[in-house]
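Below you'll find the structure, written out as structure tokens, and then a few comments.
The values are calculated or read from the model by the stated rules, or taken from the named source; none is laboratory data. None of the values given here were measured: they were computed from a predicted structure. Here the Cβ positions follow ideal geometry from the backbone for every residue, glycine too, while neighbour counts run over all protein chains shown.
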Amino acid sequence: MIVNVAIDGPAGAGKSTVARAAAKELGYIYVDTGALYRAVGVCALRLGVATDDAAAVEGILGSVKVELKFTNGEQQVFLNGENVSSEIRTPEASMAASNVSAIPAVRAFLFDLQKNIAAENDCIMDGRDIGTVVLPDAQVKIFLTASPEIRARRRYDELTAKGQQVEYDDVLDDLIKRDYNDSHREVAPLRPADDSVTVDTSGLSLEQSIERVIQAVREKIQ
Ligand code: DC
């Protein structure tokens, strides 16, 4: 039996770090679906297309190829054959991803890719609509969240550790704006699936958060 674990939640809740570590422990692959929206966003930025112009973004999809490859369990994202795994991590790419992710045609464009990976692999897939839309039959669904200030602090530490010059207040503002976008869009808004378990990581260490997720999986999967 293929095991699918869906982890959804707002930006900066620790989804990717927690999901990656839990997947490693469980022997599953970790699929970061935000990278797909980021790749489409980067493509639009490169082409000079406004990322909030639905018709214009839809117009470029015919010439966009997004692929995920897994080497030693690590996901790499390719845009038209080019590895863009680093380029998708800038604040501009984050906002572009949030904008393009509100466009129904973009979500439809990336849907099969996500479904196909989950059909063939034991995986932990993280995103915003995995438990609600992409994998409604996932055996385990987790909604991972934390307060906006804690999420912004974590995101700030992550970006500055990579040498990016950012201000904490800008990171917090961006995050609040993205939360709003992601949870108020008409198509597949961010919300906990009815059958999900909510894990608030505000007061948890990274290790405790990972343990909660592994525990939730083991409880469901014998
Ligand atoms: O998880 P992330 O920060 O890399 O996601 C980037 C953006 O993509 C985020 O603002 C919302 C969007 N997204 C989405 O709409 N659905 C997903 N399954 C994953 C990400």
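For region 22-41, residues that are out of contact with any Cys (no Cβ under 9 Å at 6 or more places or on another chain), in a loop (DSSP other than H, G, I, E, B) and not β-branched (Val, Ile, Thr) total 1. Candidates are the residues of region 141-163 that are part of a loop (DSSP other than H, G, I, E, B) and modelled with pLDDT of 95 or more; the one that is surrounded by the fewest Cβ atoms within 10 Å (Cβ to Cβ) is 147. Looking for something touching a Ser or Thr at 6+ places or on another chain (Cβ under 6 Å) and either surrounded by fewer than 17 Cβ atoms within 10 Å (Cβ to Cβ) or under 16 Å from residue 111 (Cα atoms) (or both) - is there at least one such residue anywhere in region 64-76? Yes, some residue in region 64-76 is touching a Ser or Thr at 6+ places or on another chain (Cβ under 6 Å) and either surrounded by fewer than 17 Cβ atoms within 10 Å (Cβ to Cβ) or under 16 Å from residue 111 (Cα atoms) (or both). Annotation note: of 7, 60, 88, the sole residue that is within 13 Å of the ligand (Cβ to nearest atom), without any contact (Cβ under 8 Å) to a residue 60 or more places away in the chain and under 22 Å from residue 109 (Cα atoms) is 88.
Got at least one residue in region 192-206 being within 14 Å of the ligand (Cβ to nearest atom), touching a strand residue (DSSP E or B) at 6+ places or on another chain (Cβ under 6 Å) and of a type in the set (A, V, I, L, M)? Yes, the conditions are met somewhere in region 192-206. Residue 7 falls short on exactly one of the conditions (1) of a type in the set (A, V, I, L, M); (2) in contact with a helix residue (DSSP H, G or I) (Cβ under 9 Å, 6 or more places away or on another chain); (3) outside any strand (DSSP E or B), and that condition is (3). Report yes if some residue within region 49-70 is within 23 Å of residue 19 (Cα to Cα), assigned to a loop (DSSP other than H, G, I, E, B) and modelled with pLDDT under 95; otherwise report no. No: region 49-70 contains no residue that is within 23 Å of residue 19 (Cα to Cα), assigned to a loop (DSSP other than H, G, I, E, B) and modelled with pLDDT under 95.
Kindly indicate whether residue 61 is closer than 22 Å to residue 139 by Cβ, over 18 Å from the mean Cα position of the chain (by Cα) and either surrounded by 18 or more Cβ atoms within 10 Å (Cβ to Cβ) or acidic (Asp, Glu) (or both). No, not satisfied. Among 138, 108, 102, which is free of Cβ contacts under 8 Å to residues at least 12 places away in the same chain and either of a type in the set (A, V, I, L, M) or surrounded by fewer than 18 Cβ atoms within 10 Å (Cβ to Cβ) (or both)? Of 138, 108, 102, the one residue that is free of Cβ contacts under 8 Å to residues at least 12 places away in the same chain and either of a type in the set (A, V, I, L, M) or surrounded by fewer than 18 Cβ atoms within 10 Å (Cβ to Cβ) (or both) is 108.
The numbered conditions (1) under 25 Å from residue 144 (Cα atoms); (2) aliphatic (A, V, I, L, M); (3) free of Cβ contacts under 8 Å to residues at least 40 places away in the same chain are all true for residue 77 except (3).
Every residue, every condition in (1) within 23 Å of residue 6 (Cα to Cα); (2) within 12 Å of the ligand (Cβ to nearest atom); (3) not in a strand (DSSP E or B), yes or no:
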| position | (1), (2), (3) |
| --- | --- |
| 165 | no, no, yes |
| 172 | no, no, yes |
| 177 | no, yes, yes |
| 187 | yes, yes, yes |
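Inspect region 56-68 for any residue being under 30 Å from residue 207 (Cβ atoms) and in contact with a strand residue (DSSP E or B) (Cβ under 6 Å, 6 or more places away or on another chain) and give the result as yes or no. Checked region 56-68: at least one residue is under 30 Å from residue 207 (Cβ atoms) and in contact with a strand residue (DSSP E or B) (Cβ under 6 Å, 6 or more places away or on another chain).
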